[in-house]
1. Computed over the Cα atoms of the range 359-422, what is the ratio Rg over Rh, Rh following Kirkwood?
2. If you build the convex hull over the alpha carbons only and average its shadow over all orientations, what do you get for the range 126-169? Give it in nm² to one decimal.
3. Can you sort Tyr168, Tyr87 by 1.4 Å-probe accessible area, starting with the largest?
4. Using every alpha carbon pair in the range 299-398, what percent of pairs falls into each 5 Å bin from 0 up to the bin containing the largest distance?
5. So if I take the alpha carbon set of the range 237-282, get Rg, then get Rh from the Kirkwood formula, what is the Rg over Rh ratio?
6. Quick check on packing: order 371-382, 209-220 by the mean number of other C-beta atoms within 10 Å, highest mean leading.
7. Calculate the tail of P(r) for the range 288-348: the fraction of all Cα-Cα distances greater than 18 Å, expressed in %.
8. Among Phe120, Phe366, what's the order by accessible area (1.4 angstrom probe), most exposed first?
Amino acid sequence: MATTTPAQPARIPAPPSPTEVVSRQPSSFDRTLASARSTMMFSEVFRLAIDSFKASKVRFLLTMLGMIIGSAAIILVATLGLTGKQYALDQLTSIGPNKIELQYSGGSTIGPDNTSTPDFMTREDLNAVLDQVPGIIASSPMLEDHHSISVGGGTTKDTMILGVSPEYRIVRNLRVLSGRFFDDQDTLLHQKVCVMVEPLAKTIFGSDNLAVGRTISIQGIPFTIIGVFKESFDTYGQSEISEQTLLIPYPVARYFTGTDTVKEIFFTMKDATMVVPASKRILEIIRSRHRATSVYNAVTLTELLASMAKIADMLTVVLLLAAALTLIVSGVGIMNSMLANVQSRIREIGIRKALGATSKEIRLQFLTEAVFLSLSGGVVGTLIGLAIPISVRLFTPFQIPVKLWSALIALGTSVIVGIVFGTLPANRAARLDPVETLKYE
């Protein structure tokens, strides 16, 4: 008789231990493999972009041409702007960035008989400033007068006579073309000597060399011409020196005016950083020595140089924006080329999507191609734009400024143009239906 074995109750498996749980988690290799199946590496995307470029070299080179021109234009415009700025500042600086010109502008003193006389500065004011303001390396008073001079043979010439000190040559940065400038000994001995401006010497004597050693007469007093000078740059008539100017020692000029008054006083500071505080201190000293109603001004180039630099910078920015328009036009060309590229590769896109490529990968591929195209043109244009001014610096005496930031702007703009104008073609490629693309002939 068969016996039956009683049924065994089903065994419930024991829960896995923590060690088993850890061992069942995907390894690092498994995660990398899964990522490789779903995501393209950027190096592969970059290689595809290069392959696409090689397949249509002529079209892409023509598209890059606009970026090359635009990037080179940005660097050249920046270089020209900096060159113009430097030239303008150099012209102004040649006047003397350390110079302070103290001027009497108005106000008068009332005498006992109610007579009004101008409250001019004096030589004592100059001495007071020299005693109280440190850092002054040169100074000169200026006394102005107008006379007709006699050059012999009954010929006369209207001139402007400026009585100055020997340091006036340093303060005003004058160039002595022939002869010499009068010195401290000439001033102390009250020598009747003068220095003539170049246009006046050529008008009267024919040349600066022929003028040196000749004698002229000022109100019957003979003066010997010991030198001919000119300003170091063209002031376009904006300085106290005209084409009919004679310079004579300041003590001698007092013979003709009979007074110790000074119309202007010039100072040169040791350093340009001392100009602004020194000008304020000089004004305080002069005003304390005169009536409160008298007006004096200290003219410096500091504010003028700052304003000129700001104007030059604004002009450079405007020119850079104008050059950037070229890159925008080039960006439109890149977008047009990439749209044509997408249209010609519809079947390729469908095959890639059928093999598992995601829309993100398709978008990244075409966006990379657009940026590669734009950046390649930007690099070539940047090299050309830098090569031109650097060559000028190397092979000519002109020191044209070349700034690294102009190259960075050109390259950065190229990348931005590639991203902005490559987004539309990349999105259009990413949105294509893989089924429809595989049917495309």
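1. Computed over Cα atoms, the ratio is 1.20.
2. Computed as one quarter of the Cα hull surface, the answer is 4.0 nm².
3. Of Tyr168, Tyr87, the descending order of accessible area is Tyr87, Tyr168.
4. 2, 9, 11, 13, 12, 12, 10, 8, 7, 6, 4, 3, 2, 1, 0, 0
5. Working: Rg = 14.6 Å, Rh = 13.6 Å.
With Rg and the Kirkwood Rh in hand, the quotient comes to 1.08.
6. 371-382, 209-220
7. The share of Cα pairs beyond 18 Å in the range 288-348 comes to 69 percent.
8. If we order Phe120, Phe366 from most to least accessible, we get Phe120, Phe366.
The values are calculated or read from the model by the stated rules, or taken from the named source; none is laboratory data. This one's a predicted model, so the numbers in the text were calculated from it and none came from an experiment. In this analysis, Cβ positions are derived from the backbone assuming ideal geometry, glycine residues included, and neighbour counts consider all displayed protein chains. Quick note on the areas: whole protein, heavy atoms, side chains included, nothing else; ligands and nucleic acids left out. Shrake-Rupley method; radii C 1.70, N 1.55, O 1.52, S 1.80 Å.
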